[in-house]
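All remarks here apply to the structure that follows.
What follows draws every value from the coordinates through simple rules; no lab data is involved. As the structure is a prediction and not an experimental result, all values here were calculated from the model. Counting neighbours? That spans all protein chains shown, and the Cβs are built from the backbone with ideal geometry, glycine included.
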Amino acid sequence: MRFIFPLFFIFLFAHAQTPYEKGKVLYMEKGCYSCHGNKLEGLHRYPKLSNRAKGFLSYKLRRFRDKISDNQQQEMMIAFAVGLSDAEIENLTTYMQDYIEDALNEKYNDKFVPEGDGGS
Ligand code: HEC
């Protein structure tokens, strides 16, 4: 039993994904990054999506899903939005609104303390 208990928690945490994490996976899976950028920063005429109002972003995605576009430029979004479910739009827009650049979390681990005397 002592062994099974921690295993259970590892299993639980490995599978419990927040909407933000699900949105992040979707963003990559659905190829959104190819136009809007890896960091949601926007490229050329493709708008930036990071840290923008979720209400607006989901309004736009639902419109594209309903095949409504206001101009020719927006038409290319329709193909990418038609397959999205309500839950996917929810997760994607959470990811966009709350986006935090991953690079901030990828610093060197300066808390590393070498153990022992180096084997000398
Ligand atoms: C082929 C390039 C392309 C891909 C791939 C793409 N988009 Fe877009 N996206 C656009 C263009 C173009 C617009 C409209 C720009 C405009 O209004 O002038 C747009 C607009 C949007 C908007 C509305 C933003 C605004 O300011 O009006 C959202 C939200 C969005 N895209 C999300 C996504 C998501 C989520 C995906 C992946 C499922 C995705 N896009 C994939 C090109 C793309």
> Any chance the stretch 54-75 includes a residue that's closer than 17 Å to Val25 by Cβ and either in contact with a Gly (Cβ under 6 Å, 6 or more places away or on another chain) or in contact (Cβ under 8 Å) with a residue 40 or more places away in the chain (or both)?
Replying inline: no
> When the stretch 87-101 is examined, which residues are found to be in contact (Cβ under 8 Å) with a residue 12 or more places away in the chain and either touching a Pro at 6+ places or on another chain (Cβ under 9 Å) or not aromatic (Phe, Trp, Tyr) (or both)?
Replying inline: Glu88, Ile89, Glu90, Asn91, Leu92, Thr93, Thr94, Tyr95, Met96, Gln97, Asp98, Glu101
>> Condition first: surrounded by 11 or more Cβ atoms within 10 Å (Cβ to Cβ) and out of contact with any helix residue (DSSP H, G or I) (no Cβ under 9 Å at 6 or more places or on another chain). Now tell me which residues in the stretch 57-72 satisfy that.
In response: Tyr59
> Which ones in the stretch 31-62 are of a type in the set (D, E, K, R) and over 11 Å from the mean Cα position of the chain (by Cα)?
Replying inline: Glu41, Arg45, Lys48, Arg52, Lys54, Lys60, Arg62
> Of all residues in the stretch 29-46, which are of a type in the set (D, E, K, R) and assigned to a loop (DSSP other than H, G, I, E, B)?
Replying inline: Lys30, Lys39, Glu41, Arg45
